[in-house]
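Structure first, then comments.
The values are calculated or read from the model by the stated rules, or taken from the named source; none is laboratory data. Computed from a prediction, not measured in an experiment: that's the story for all the values here. Cβ: placed from backbone, ideal geometry, glycine included. Neighbour counts: every protein chain shown. When the accessible area is computed, the model is the full protein with side chains, heavy atoms only, and any ligands, DNA or RNA have been set aside. Shrake-Rupley method; radii C 1.70, N 1.55, O 1.52, S 1.80 Å.
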Amino acid sequence: MDETRGDLALYTTIYPGVERYLRDWYRSVLAQTDQTYQLWIGLDALDIRSVVNAIGGEPEATWVMAEPGETPAQIRQRAFEQITAVYDGVVLVDSDDILHSTRVAAARAALAQSDLNACALRLVDQQGHYLGLDFELPLGQEAELVLPRNNVFGLSNTAFRSDLLRRCLPIPTEVELVDWFLATRAWLCGACLSFDRTARMDYRQHGRNMVQVRYPLDTQQIVQDTARARVHFQHLRALGRSENHKMRRWAELEETAAEVDRFYQWVVLEPTRLQSYVQTLNALKPAAVWWSSVAHPALRDLWVF
C-alpha cells in the first residue's frame, strides 16, 4: 500500500448498549489528524435515527444494516466484502472506545510497511478514567509470536491491508471471536504483522468486554475463556489447511488447539486444579494480552500430566 495515495476505510459496528459512548467516540473520529478516509458503520439491531440521536448529529458514513437473523460475524463479513473491493486498507475501531488523534495516520503509515498492524491500548473505565494499565505486546516479543495461542489484534486496535483481509474471508456465520479468527488466518498465511507500542486508543472496560485482561481473574472467567478458546480453534480446524497456509504454522495451530483441549480436561473440569491454577495465575499476573488466561505456558506443570 502506498503511504501517500492509499485509500482507507474506518470501520466500526454499533449495537445496543454502546449508545452512551457514541458521542465521545464520534468526537474522536472527527479529531483525527488524517481525515482522508471514509467512515463505514455496521448497524446491529439499531436503526440510523437512534444512532444519530445518540451521536448528536448525522455522521458522513456508509451504513451497513443488519439483515433479519444475521449474526455479528455476518454483518462484518458483508461490510468487509464491500470495503475490500474499494479501499486499499481498513482501520478497525470499537464504537465504545476513543481514538487518539493520530490513530488513522499511524495506521496508514504502518500499512505502508506491513499487512496487518495493531496498536497498544490505554485501558479506561466506563467514564473514561485511566486504569493505570496498557494493553500491549510483551517486551522483546514480536507480534507473530503471540499467535496462535493468544491475540493482540482486536476489532478496536487493528488495521488490515485489503488484499490480506480478502484472503482471510469468509468469516463463518457462528464465529464469535472475529478478531482472533481473522488475525490467526492472517498469521497462517505468513502475513507481515506489526505492532505499534504507542497507545492510540482508549479501550473502555465494562461488563460487555468479551475477555478480561485485568487481574485478578476468577474461576468463572477461566471457564468462560476456555470454552470460547476451544470453539475458536474448532472453527479454524474445521476450515482445514489451505494452500495459502504455512505447514509449520498449521502444525503449531493444531498443537495449541490440542493443549487447550487438554487444559479443559485436566483443569477446567477439576475444581481443585482449577482453583489452584487461578490462584497461581493471579499471582503471576501475565502480560495483558487477550486469552493469556487459558493454558498459560508458564503454568504447564499445573495442566500437563
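Heavy atoms of the protein chains alone define the surface here; on that basis the chain has 43 Å² accessible area per residue at 1.4 Å probe size.
Given the DSSP H assignment, sum -39500 (n - 2.57) over each helix run of at least 4 residues in the chain and divide by its residue total; what's the result at 222 nm in deg cm²/dmol, nearest 500? One gets -11500 deg cm²/dmol as the mean residue ellipticity at 222 nm.
Put simply, the stretch 97-236 fits an ellipsoid with semi-axes of 23, 21, 13 Å; these come from the alpha carbon gyration tensor as the roots of five times its eigenvalues, largest first. Rounded to the nearest 10 degrees, the angle from helix 178-188 to the longest Cα principal axis of the chain is 70 degrees. The convex hull of the Cα atoms of the chain, projected and averaged over all directions, covers 15.4 nm².
Checking every one of the GluC sites (Glu not before Pro) in the stretch 33-93 against DSSP loop status and a limit of 13 other Cβ atoms within 10 Å picks out Glu60.
Based on the alpha-carbon gyration tensor of the stretch 1-92 and its eigenvalue square roots a ≥ b ≥ c, which shape applies: rounded if a/c is under 1.5, prolate if not and a/b is larger than b/c, or oblate?
Oblate, because a/c is 1.5 or more while a/b does not exceed b/c.
Local charge for Asp44 was computed over the other residues whose Cβ lies under 14 Å away, with Lys and Arg +1 and Asp and Glu -1, and equals -4. When both bridge partners sit in the stretch 1-157, DSSP labels roughly 15% of those beta bridges antiparallel. Determine the percent antiparallel among the DSSP beta bridges restricted to the chain, to the nearest 5. If I count the DSSP bridges inside the chain, around 35 percent turn out antiparallel. Working ranking of peptides 143-155, 161-173 by packing, defined as the average number of other Cβ atoms within 10 Å per residue, highest first, is 143-155, 161-173.
When a 1.4 Å probe is rolled over the protein heavy atoms, the share of accessible surface on the chain that falls to carbon and sulfur comes to 47 percent. Quick one: grab the alpha carbon gyration tensor of the stretch 208-305, order the square roots of its eigenvalues as a ≥ b ≥ c, and give me rounded if a/c is under 1.5, else prolate or oblate depending on whether a/b is larger than b/c. Taking the square roots of the gyration eigenvalues as a ≥ b ≥ c, the stretch 208-305 is prolate.
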